[in-house]
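Asks: I'd like to ask you about the structure that follows.
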Amino acid sequence: MQLVTEDNITELAVERWATARDPRLSELMTALVRHLHEFAREVRLTEAEWMAAMQWLTRAGQISDDKREEFILASDVLGLSMLVVQMNHRLDPAATPATVLGPFHIEGSPELGYGEDMSDGVPGTPLYLSGTVRDLDGNPVAGGVLDVWQADTEGAYESQLPDVDEARLRAKYTTRQDGGYCVRTIAPKGYTIPMDGPVGDLVERTAISHFRPAHVHFLINVPGHEPLITHLFQEGAEYLDSDVVFGTKEELVVRFEQREPGATPEGGTSATPWVEGRYDFVLQRRS
Ligand SMILES: [Fe+2]
């Protein structure tokens with residue numbers, strides 16, 4: 001029988017978890033044990049601090065449901081989500097960079113035509129986002145689907161609102177033969193992450209800004225190409241350099257130009273002032 005001591009407990013725990021039948025699970029669990037023990041040793045974790053951490057995790061679980069993902073939020077604000085994205089999407093520097101998916105994407109958005117309005121009835125300044133989708137050689141990607149979603153001007157996504165019957169501020173747009181796309185929506189605003197749970201409690205005890213800069217989400221999944229999950233951010237938006245989930249990248253910042261009433265990119269006209277953003281997505285072929 002091997003007695004447990006402060007010195008040998010890490011090796012004993014690693015040995016036990018190394019027995020995981022799946023080799024990758026064994027690798028993950030033994031590394032997790034080593035790093036957790038090292039963390040506890042480094043900070044000389046007290047029993048009160050350990051209990052506070054356990055209660056924090058319990059609260060994070062209790063507040064989560066099929067619409068609220070407190071653990072993903074925790075991963076986002078710790079920078080873990082963005083680190084995992086960057087390690088797993090090392091794209092060519094000329095390709096559009098990837099960012100976090102976030103917790104608000106909804107499957108099955110309606111398909112809209114070139115320049116059709118995905119903000120139907122939601123108040124806000126009209127925004128047209130248009131450009132092309134191309135590969136790294138400059139060839140247009142025809143028939144590519146852009147899955148687009150965003151928050152309203154109060155910062156609310158569809159999944160955060162009760163009793164929404166129809167798709168709200170989300171749609172799928174398909175590129176034309178020339179790779180061109182045109183999204184009609186409303187200008188987004190910056191918003192705060194949910195602050196009424198354990199993640200908010202922790203953030204409030206720091207000088208961390210709990211806001212995200214104004215953005216629109218894109219998921220572009222074209223056969224034969226690396227799937228691209230990304231955002232477009234408004235140039236000059238507040239919080240661009242302090243995004244609480246570390247999602248901003250310089251290459252994804254777009255100028256939103258103010259336009260007077262008149263002709264719009266899809267061939268229509270706007271009776272009110274509107275805003276225009278132009279952006280060309282570049283996809284990397286799958287190797
Ligand atoms: Fe968002």
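Asks: Output the residue which, of all residues in region 178-195 that are more than 20 Å from Leu127 (Cβ to Cβ) and part of a loop (DSSP other than H, G, I, E, B), is nearest to the ligand (Cβ to nearest atom).
Replies: Ile193
Asks: I'm trying to understand the selection: among the residues of region 82-95, which are crowded, with 19+ Cβ neighbours inside 10 Å and either within 15 Å of the ligand (Cβ to nearest atom) or of a type in the set (S, T, N, Q) (or both)?
Replies: Within region 82-95, the subset crowded, with 19+ Cβ neighbours inside 10 Å is 82, 95.
Correct list: Met82 only.
Asks: Among the residues of region 222-252, how many are more than 16 Å from the ligand (Cβ to nearest atom), of a type outside the set (D, E, K, R) and assigned to a loop (DSSP other than H, G, I, E, B)?
Replies: Total meeting the criteria: 5.
Asks: Condition test on Gly200, is it within 16 Å of the ligand (Cβ to nearest atom) and assigned by TED's automatic domain parsing to the domain that holds Gly247?
Replies: Numbers: within 16 Å of the ligand (Cβ to nearest atom): no; assigned by TED's automatic domain parsing to the domain that holds Gly247: yes.
For Gly200, the condition - within 16 Å of the ligand (Cβ to nearest atom) and assigned by TED's automatic domain parsing to the domain that holds Gly247 - is not met.
Asks: Please verify whether Ser26 is touching a Ser or Thr at 6+ places or on another chain (Cβ under 8 Å), modelled with pLDDT of 95 or more and closer than 30 Å to Glu107 by Cα, treating the condition exactly as stated.
Replies: no
Asks: Tell me which residues, restricted to region 197-208, are part of a loop (DSSP other than H, G, I, E, B) and buried (at least 17 other Cβ atoms within 10 Å of the Cβ).
Replies: Gly197 - this is the single residue of region 197-208 that is part of a loop (DSSP other than H, G, I, E, B) and buried (at least 17 other Cβ atoms within 10 Å of the Cβ).
Asks: Which residue, of Gln234, Gln258, is crowded, with 18+ Cβ neighbours inside 10 Å and in the same structural domain as Val148 (by TED's automatic domain parsing)?
Replies: So the residue among Gln234, Gln258 that is crowded, with 18+ Cβ neighbours inside 10 Å and in the same structural domain as Val148 (by TED's automatic domain parsing) is Gln234.
Asks: Is it the case, given these coordinates, that Gly102 is under 14 Å from the mean Cα position of the chain (by Cα), at positive phi and either more than 16 Å from the ligand (Cβ to nearest atom) or buried (at least 18 other Cβ atoms within 10 Å of the Cβ) (or both)?
Replies: yes
So that you can scan it fast, the table gives a plain yes or no per residue for (1) surrounded by 12 or more Cβ atoms within 10 Å (Cβ to Cβ); (2) over 27 Å from the mean Cα position of the chain (by Cα); (3) touching a residue at least 60 places away in the same chain (Cβ under 8 Å):
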position: Val14; (1), (2), (3): yes, yes, no
position: Glu27; (1), (2), (3): yes, yes, no
position: His37; (1), (2), (3): yes, yes, no
position: Arg41; (1), (2), (3): no, yes, no
position: Leu45; (1), (2), (3): yes, yes, no
position: Arg68; (1), (2), (3): yes, no, yes
position: Val77; (1), (2), (3): yes, no, yes
position: Pro97; (1), (2), (3): yes, no, yes
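Asks: Another question, if that's okay. Go through region 157-177 and give me each residue that's more than 11 Å from the ligand (Cβ to nearest atom) and modelled with pLDDT of 90 or more.
Replies: Correct list: Glu158, Ala167, Arg168, Arg170, Ala171, Lys172, Tyr173, Thr174, Thr175, Arg176, Gln177.
Asks: To continue, here is another question. How many of the residues making up region 209-225 are modelled with pLDDT of 95 or more and open to solvent by 20 Å² or more (accessible area, probe 1.4 Å)?
Replies: 4
Asks: Additional query: Scanning region 114-124 for residues that are away from the ligand (no atom under 16 Å from the Cβ) and in contact (Cβ under 8 Å) with a residue 60 or more places away in the chain, which turns out surrounded by the fewest Cβ atoms within 10 Å (Cβ to Cβ)? Break it down into steps so the answer makes sense when it comes.
Replies: Initially, region 114-124 is screened for residues away from the ligand (no atom under 16 Å from the Cβ), giving 114-117, 120-121, 123.
In the following step, the residues that additionally are in contact (Cβ under 8 Å) with a residue 60 or more places away in the chain were identified as 114-117, 123.
Values: Tyr114: 17, Gly115: 17, Glu116: 15, Asp117: 17, Pro123: 9.
Going through the qualifying residues, I end up with Pro123.
Asks: Kindly check whether there is at least one residue in region 54-63 that is under 18 Å from Thr192 (Cβ atoms) and open to solvent by 70 Å² or more (accessible area, probe 1.4 Å).
Replies: Checked region 54-63: no residue is under 18 Å from Thr192 (Cβ atoms) and open to solvent by 70 Å² or more (accessible area, probe 1.4 Å).
Asks: Is it true that some residue in region 125-147 is out of contact with any helix residue (DSSP H, G or I) (no Cβ under 8 Å at 6 or more places or on another chain), within 16 Å of the ligand (Cβ to nearest atom) and among the small types (Gly, Ala, Ser)?
Replies: Checked against the condition, which is being out of contact with any helix residue (DSSP H, G or I) (no Cβ under 8 Å at 6 or more places or on another chain), within 16 Å of the ligand (Cβ to nearest atom) and among the small types (Gly, Ala, Ser), region 125-147 yields no hits at all.
The values are calculated or read from the model by the stated rules, or taken from the named source; none is laboratory data. These figures come from a predicted structure and were not determined experimentally. Every residue, glycine among them, receives a Cβ derived from its backbone with ideal geometry; neighbour counts consider all protein chains shown. What goes into the accessible areas is simple: the full protein's heavy atoms, side chains included, and nothing from ligands, DNA or RNA. Shrake-Rupley method; radii C 1.70, N 1.55, O 1.52, S 1.80 Å.
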